Amino acid sequence: MASAPRDPEPDPEPITADPAGSVARPLLTQSWLDLAFLHWVADPADVAPLLPPGTVPDTLDGTTYVGLVAFRMHKVGWFRLPGIPYLGSFPETNVRLYSVDGRGRRGVVFRSLDASRLIPVVAGRFLFGLPYVWSRMSVRREGDTVSYTGTRRRPGPRGAHSAITVEVGEAIREPTALEHFLTARWGLHTTFFGRGTYLPNVHPRWPLHRARLIRCEEDLIAAAGLPAPEGDPVSVLYSPGVPVRFGRPARPAGLPTH
């Protein structure tokens, strides 16, 4: 007997430079500062098995991407409380993929998040189910040059590392479709207690700059279960940063099943 046809999957929401909604009562507040965005082309077939249930790779003209994003987290705060200066401020480098769920919500999926503060690492892993890793890290800026380094401690693989240096270039007045696709993301998809979860966020429009890659030595992408990238990234961007507000988790994230 033929199986019942599936309902058509919803079209992905439009890519917008500004958030479509708002977060009146934030669960988390924080700022992301001195960001370097490095991206390589990825095969959707390699990405799909690594995504949470109910999500599929988000693509632009049939192509998806893996991102290596290094930055400074600044003053993470809960609810409307002031951000914490020391424990809530630290370097971070993440490996991320691009996803879309059955409601058409575009998001990011973090395969790893290296951070230098142990307490936020533990909180991120146990409260949100995010793959935070405790690492030795630094971010240094000299003029227009910004350097990011990190070496993984626990839970490993120990010794996995990254060393990135970019030279900040001119401000981007009109980002390309690809640059919007890679940066204008208003939520994250994750798995929490075995179920797909969507965590929305809002922030001002990204102030983006062209950037020249001076150095990139890393094995975080391979450690995240993806093929090691070949060649230079197809996109290198810098942003001075934005303040961010996260809303409460939403369920379900999933695609319709019949």
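Structural remarks
- Hey, Phe71 aromatic (Phe, Trp, Tyr) and in contact with a Leu (Cβ under 9 Å, 6 or more places away or on another chain) or not: yes
Results for (1) modelled with pLDDT of 95 or more; (2) over 30 Å from Pro19 (Cα atoms); (3) surrounded by 18 or more Cβ atoms within 10 Å (Cβ to Cβ), shown as yes or no for each residue.
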residue	(1), (2), (3)
Trp206	yes, no, yes
Arg212	yes, no, no
Glu230	no, yes, no
Pro233	yes, no, yes
Ser239	yes, no, yes
Gly247	no, no, yes
Ala253	no, no, yes
His258	no, yes, no
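- Answer from Ser162, Ser147 - the residue that is of a type in the set (Ser, Thr, Tyr) and within 24 Å of Tyr98 (Cβ to Cβ): Ser162
- In segment 166-201, residue surrounded by the fewest Cβ atoms within 10 Å (Cβ to Cβ) [restricted to those that are more than 12 Å from the chain's Cα centre (by Cα) and small (Gly, Ala, Ser)]: Gly194
- The residues on offer are Gly124, Gly143, and the sole one that is without any contact (Cβ under 8 Å) to a residue 24 or more places away in the chain, at positive phi and not hydrophobic (A, V, I, L, M, F, W, C) is Gly143.
- Positions within segment 27-44 being within 16 Å of Leu97 (Cα to Cα) and either aromatic (Phe, Trp, Tyr) or in a loop (DSSP other than H, G, I, E, B) (or both), in sequence order: Phe37, Trp40, Asp43
- Scan of segment 27-40 for residues that are modelled with pLDDT of 95 or more and either farther than 23 Å from Glu167 by Cβ or not hydrophobic (A, V, I, L, M, F, W, C) (or both), ordered by number: Asp34, His39
- When Ile119 is tested against (1) buried (at least 21 other Cβ atoms within 10 Å of the Cβ); (2) without any contact (Cβ under 8 Å) to a residue 60 or more places away in the chain, only condition (1) is not met.
- The strands (runs of 3 or more DSSP E) found wholly in segment 159-226 and carrying at least 2 residues that are among the β-branched types (Val, Ile, Thr) occupy 161-171, 187-192, 195-202.
The values are calculated or read from the model by the stated rules, or taken from the named source; none is laboratory data. Note that this is a predicted model, so its numbers are computed, not measured. We place every Cβ from the backbone using ideal geometry, glycine too, and count neighbours over all the protein chains shown.
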